[in-house]
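Engineer: Got a structure for you, written out below as C-alpha coordinates; questions coming shortly.
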Amino acid sequence: YKRQSKLPGQGRMFSGDHLLPEISPHIGLYEDPDDATVTDPLGDYLDSLERVGRLAPAEILPAHQYAFTDAASRVGELLTHHESRLTDLRALLSRPLTPWQLTERMEWNRPWADIPYGSRNIAVSEAEAHLRRLVKLGRAEAVPGSDPVTYVAV
(Lines give C-alpha, C1' and ligand atoms only; values in the text may rest on other atoms or scores of the structure.)
Protein backbone atom coordinates (compact mmCIF):
# COMPACT_ATOMS: atom_id res chain seq x y z
CA TYR A 1 0.00 0.00 0.00
CA LYS A 2 1.49 3.28 -1.11
CA ARG A 3 0.36 6.75 -0.34
CA GLN A 4 1.90 10.17 -0.08
CA SER A 5 3.74 10.61 3.16
CA LYS A 6 5.96 13.18 4.78
CA LEU A 7 8.44 10.38 5.45
CA PRO A 8 11.31 9.95 2.98
CA GLY A 9 11.14 6.76 0.97
CA GLN A 10 8.72 4.73 -1.09
CA GLY A 11 5.68 4.27 1.17
CA ARG A 12 4.87 1.69 3.80
CA MET A 13 5.89 -1.95 3.79
CA PHE A 14 4.22 -4.73 5.76
CA SER A 15 7.25 -6.81 6.69
CA GLY A 16 5.71 -9.55 8.83
CA ASP A 17 8.58 -11.28 10.66
CA HIS A 18 11.05 -10.58 7.86
CA LEU A 19 12.27 -7.25 9.18
CA LEU A 20 11.78 -6.47 12.86
CA PRO A 21 13.06 -3.38 14.70
CA GLU A 22 14.97 -5.04 17.55
CA ILE A 23 15.11 -8.80 17.09
CA SER A 24 16.33 -11.15 14.41
CA PRO A 25 13.70 -13.58 13.17
CA HIS A 26 14.28 -17.31 13.40
CA ILE A 27 15.82 -18.69 10.21
CA GLY A 28 16.04 -22.45 10.48
CA LEU A 29 16.86 -25.33 8.18
CA TYR A 30 13.83 -27.57 7.73
CA GLU A 31 14.02 -30.09 4.91
CA ASP A 32 12.00 -33.05 3.73
CA PRO A 33 14.31 -36.07 4.09
CA ASP A 34 12.79 -37.51 0.90
CA ASP A 35 13.65 -34.40 -1.13
CA ALA A 36 17.23 -34.17 -2.44
CA THR A 37 17.01 -30.40 -3.00
CA VAL A 38 19.81 -28.58 -1.17
CA THR A 39 18.47 -25.34 0.24
CA ASP A 40 20.15 -22.29 1.77
CA PRO A 41 17.48 -20.57 3.86
CA LEU A 42 19.90 -18.16 5.52
CA GLY A 43 21.40 -17.16 2.16
CA ASP A 44 17.89 -16.63 0.77
CA TYR A 45 16.98 -14.52 3.80
CA LEU A 46 20.13 -12.37 3.55
CA ASP A 47 19.53 -11.80 -0.17
CA SER A 48 15.94 -10.78 0.49
CA LEU A 49 17.05 -8.40 3.25
CA GLU A 50 19.34 -6.64 0.79
CA ARG A 51 16.42 -6.29 -1.66
CA VAL A 52 14.23 -4.76 1.06
CA GLY A 53 16.99 -2.29 1.90
CA ARG A 54 17.14 -1.22 -1.75
CA LEU A 55 13.36 -0.68 -1.80
CA ALA A 56 13.88 2.14 0.70
CA PRO A 57 10.43 2.01 2.29
CA ALA A 58 9.47 5.12 4.25
CA GLU A 59 8.02 3.05 7.07
CA ILE A 60 8.15 -0.62 8.06
CA LEU A 61 5.09 -2.21 9.63
CA PRO A 62 6.30 -5.47 11.25
CA ALA A 63 4.28 -8.32 12.75
CA HIS A 64 5.86 -7.76 16.18
CA GLN A 65 7.08 -4.84 18.25
CA TYR A 66 6.41 -1.47 16.57
CA ALA A 67 6.49 0.41 13.27
CA PHE A 68 9.84 1.96 12.38
CA THR A 69 11.71 3.88 9.69
CA ASP A 70 15.19 3.58 8.15
CA ALA A 71 14.98 0.06 6.81
CA ALA A 72 18.46 0.35 5.29
CA SER A 73 20.08 0.81 8.71
CA ARG A 74 18.17 -2.11 10.22
CA VAL A 75 19.04 -4.29 7.24
CA GLY A 76 22.71 -3.37 7.74
CA GLU A 77 22.51 -4.34 11.41
CA LEU A 78 20.99 -7.72 10.57
CA LEU A 79 23.53 -8.43 7.82
CA THR A 80 26.35 -7.58 10.25
CA HIS A 81 24.77 -9.77 12.95
CA HIS A 82 24.58 -12.81 10.68
CA GLU A 83 28.09 -12.31 9.30
CA SER A 84 29.39 -12.14 12.86
CA ARG A 85 27.43 -15.31 13.70
CA LEU A 86 28.93 -17.10 10.69
CA THR A 87 32.44 -16.00 11.74
CA ASP A 88 31.87 -17.25 15.30
CA LEU A 89 30.54 -20.60 14.06
CA ARG A 90 33.49 -21.05 11.73
CA ALA A 91 35.83 -20.52 14.69
CA LEU A 92 33.94 -23.19 16.65
CA LEU A 93 34.47 -25.57 13.73
CA SER A 94 38.24 -25.62 14.22
CA ARG A 95 37.58 -29.25 15.14
CA PRO A 96 34.83 -31.51 13.76
CA LEU A 97 31.42 -31.05 15.40
CA THR A 98 27.93 -32.38 14.76
CA PRO A 99 25.20 -29.76 14.34
CA TRP A 100 24.02 -30.51 17.89
CA GLN A 101 27.54 -30.10 19.34
CA LEU A 102 27.91 -26.85 17.43
CA THR A 103 24.58 -25.58 18.76
CA GLU A 104 25.56 -26.35 22.36
CA ARG A 105 28.71 -24.24 21.95
CA MET A 106 27.06 -21.26 20.24
CA GLU A 107 26.29 -18.02 22.01
CA TRP A 108 22.56 -17.64 22.65
CA ASN A 109 20.52 -15.05 24.53
CA ARG A 110 20.96 -17.27 27.61
CA PRO A 111 23.20 -20.18 28.61
CA TRP A 112 22.50 -23.45 26.75
CA ALA A 113 21.60 -25.16 30.05
CA ASP A 114 18.79 -22.59 30.53
CA ILE A 115 17.25 -23.12 27.10
CA PRO A 116 14.10 -25.24 27.51
CA TYR A 117 14.31 -28.69 25.96
CA GLY A 118 11.39 -27.88 23.67
CA SER A 119 13.32 -24.93 22.21
CA ARG A 120 16.57 -26.76 21.61
CA ASN A 121 15.49 -28.31 18.31
CA ILE A 122 14.61 -24.82 17.10
CA ALA A 123 18.13 -23.69 18.07
CA VAL A 124 19.63 -26.65 16.21
CA SER A 125 17.64 -25.78 13.07
CA GLU A 126 19.00 -22.22 13.27
CA ALA A 127 22.56 -23.51 13.71
CA GLU A 128 22.03 -25.83 10.74
CA ALA A 129 20.86 -22.92 8.56
CA HIS A 130 24.07 -21.05 9.42
CA LEU A 131 26.13 -24.21 8.90
CA ARG A 132 24.53 -24.74 5.47
CA ARG A 133 25.46 -21.15 4.58
CA LEU A 134 29.08 -21.76 5.61
CA VAL A 135 29.19 -24.90 3.45
CA LYS A 136 27.64 -23.05 0.50
CA LEU A 137 30.26 -20.29 0.86
CA GLY A 138 33.08 -22.87 1.00
CA ARG A 139 33.98 -21.96 4.59
CA ALA A 140 33.06 -25.36 6.09
CA GLU A 141 32.53 -28.91 4.89
CA ALA A 142 31.23 -32.25 6.07
CA VAL A 143 33.90 -34.66 7.25
CA PRO A 144 33.79 -37.62 4.82
CA GLY A 145 32.68 -40.86 6.45
CA SER A 146 31.68 -39.29 9.76
CA ASP A 147 28.64 -40.84 11.43
CA PRO A 148 26.86 -38.90 12.70
CA VAL A 149 27.95 -36.28 10.21
CA THR A 150 30.42 -33.75 11.57
CA TYR A 151 31.53 -30.48 9.99
CA VAL A 152 34.82 -28.64 10.07
CA ALA A 153 36.00 -25.22 8.91
CA VAL A 154 38.03 -25.01 5.71
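The values are calculated or read from the model by the stated rules, or taken from the named source; none is laboratory data. Nothing here was measured: the structure is a model prediction, and the numbers come from that model. Positions of Cβ are generated from backbone atoms using ideal geometry, with glycine treated the same way; all protein chains shown enter the neighbour counts. What goes into the accessible areas is simple: the full protein's heavy atoms, side chains included, and nothing from ligands, DNA or RNA. Shrake-Rupley method; radii C 1.70, N 1.55, O 1.52, S 1.80 Å.
Engineer: If we scan the range 79-88, do we find a residue that is open to solvent by less than 30 Å² (accessible area, probe 1.4 Å) and either free of Cβ contacts under 8 Å to residues at least 24 places away in the same chain or over 27 Å from V152 (Cβ atoms) (or both)?
Structural biologist: No, because not a single residue in the range 79-88 is open to solvent by less than 30 Å² (accessible area, probe 1.4 Å) and either free of Cβ contacts under 8 Å to residues at least 24 places away in the same chain or over 27 Å from V152 (Cβ atoms) (or both).
Engineer: So, one more: Any residue in the range 62-75 that is in contact with a Gly (Cβ under 8 Å, 6 or more places away or on another chain), part of a loop (DSSP other than H, G, I, E, B) and either modelled with pLDDT under 95 or under 30 Å from R120 (Cβ atoms) (or both)?
Structural biologist: So far as the range 62-75 goes, yes, one or more of its residues are in contact with a Gly (Cβ under 8 Å, 6 or more places away or on another chain), part of a loop (DSSP other than H, G, I, E, B) and either modelled with pLDDT under 95 or under 30 Å from R120 (Cβ atoms) (or both).
Engineer: Follow-up question, since we're still on this one. Mind counting the residues in the range 10-58 that are of a type in the set (S, T, Y), open to solvent by less than 20 Å² (accessible area, probe 1.4 Å) and under 22 Å from V124 (Cα atoms)?
Structural biologist: Here the count works out to 1.
Engineer: Tell me which residues, restricted to the range 118-146, are farther than 20 Å from L42 by Cα and either part of a strand (DSSP E or B) or modelled with pLDDT of 95 or more (or both).
Structural biologist: Listed by number, the residues that qualify are V143, P144, G145, S146.
Quick grid of which residues meet (1) crowded, with 19+ Cβ neighbours inside 10 Å; (2) of a type outside the set (V, I, T); (3) in contact (Cβ under 8 Å) with a residue 12 or more places away in the chain:
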{"residue": "I60", "(1), (2), (3)": "yes, no, yes"}
{"residue": "R74", "(1), (2), (3)": "yes, yes, yes"}
{"residue": "L97", "(1), (2), (3)": "yes, yes, yes"}
{"residue": "E104", "(1), (2), (3)": "no, yes, no"}
{"residue": "W112", "(1), (2), (3)": "no, yes, no"}
{"residue": "S119", "(1), (2), (3)": "no, yes, no"}
{"residue": "H130", "(1), (2), (3)": "yes, yes, yes"}
